[in-house]
Each structure stands twice: as structure tokens, then as C-alpha cells.
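As C-alpha cells, the structure follows; a few thoughts come after it.
The values are calculated or read from the model by the stated rules, or taken from the named source; none is laboratory data. For clarity, every value in this text was computed on a predicted model and none was experimentally measured. Neighbour counts are summed over all protein chains in view; Cβ atoms, including those assigned to glycine, are modelled from backbone coordinates with ideal geometry. For the accessible areas, the whole protein counts, side chains as well, though only heavy atoms, and no ligand, DNA or RNA atoms are used. Shrake-Rupley method; radii C 1.70, N 1.55, O 1.52, S 1.80 Å.
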Amino acid sequence: MGAESNDASEVAAEREAATHGCCCKWCSLRAEIWMCFVIDITSIIGLLIEIPGWYPVPARLHAVDEFRAYLVFSVFSAGIILFALIKGKEAAWPRRVLVRFMSFKLPIAGTTFSKCALRQAATTRLVCGCFHGFVH
């Protein structure tokens, strides 16, 4: 039984050494998770700086509300990433939670920002058209 345990741990160590992130063979998964954490932190800082500039956008477009929701979502995401980085060596479930959360977060981010871009473009076209006499 002890030999089987040693064999299993050796196999696990070999797999861990062979595993790399998605960008290149030299990046470890841990390095890529840290990079995701940095991206979330920069998103949080960017949103905190940018949200006040969006207050003039009409409230019916809900741009500020969506950015605030994404800010809360990013803070939650950064917490999960940090938890997975800290507890990930002890157990696999924090990494599984992170993967499941990211598979949920990425489509929401794309949807949020594409909807905001479409609303902004529609508002700009409507306002420019009305002020410049293009719409009758």
C-alpha cells in the first residue's frame, strides 16, 4: 500500500511539472492565476476611476448600474482568485470553484461591455442626429 501511494504521488508530481498555462510552456498555472488577479485589481481600480465619469449618461441606459455591478463582481472574483492561490496547494476544490466561477464570469463580462458599447453608440447617434438636424 505504501508503494502505491509513493507511485501515485510521483505520478501527480510529474503531471504537475508537465502542466503549464495556456500562453506558453514556461508559464506555470500559478503564474497565470496571479496574472488574472492582477487583471482583476486593475479592473477594480479602473472602474473606481471611470464610474464617476459615466454619471451624465441617461439613467435609462443603466450604464452606471452595470459598471457598479461589474465592480462588485470583480471584487468577488479577486477574492476567489486569492483564495485559490492561498489554499490551492492544500486542496483542489478552491481551484475548481475558481474555474467554475470564471466560466460564469467571462460571458457576463463580454455581455456587459458589449451592451454598454451598443447603448452608447445608439445614444450618440440619436443625440448627434437630433442636434445636427439629421433626424426629421
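Among the listed residues GLY79, GLY53, identify the single one that is modelled with pLDDT of 90 or more, assigned to a helix (DSSP H, G or I), under 24 Å from the mean Cα position of the chain (by Cα) and not hydroxyl-bearing (Ser, Thr, Tyr). Residue meeting the stated conditions: GLY79. For the stretch 31-50, residues that are within 16 Å of the chain's Cα centre (by Cα) and among the charged types (D, E, K, R) total 2. Taking the conditions (1) open to solvent by 80 Å² or more (accessible area, probe 1.4 Å); (2) more than 16 Å from ILE41 (Cβ to Cβ) in turn, ILE86 satisfies each one other than (2).
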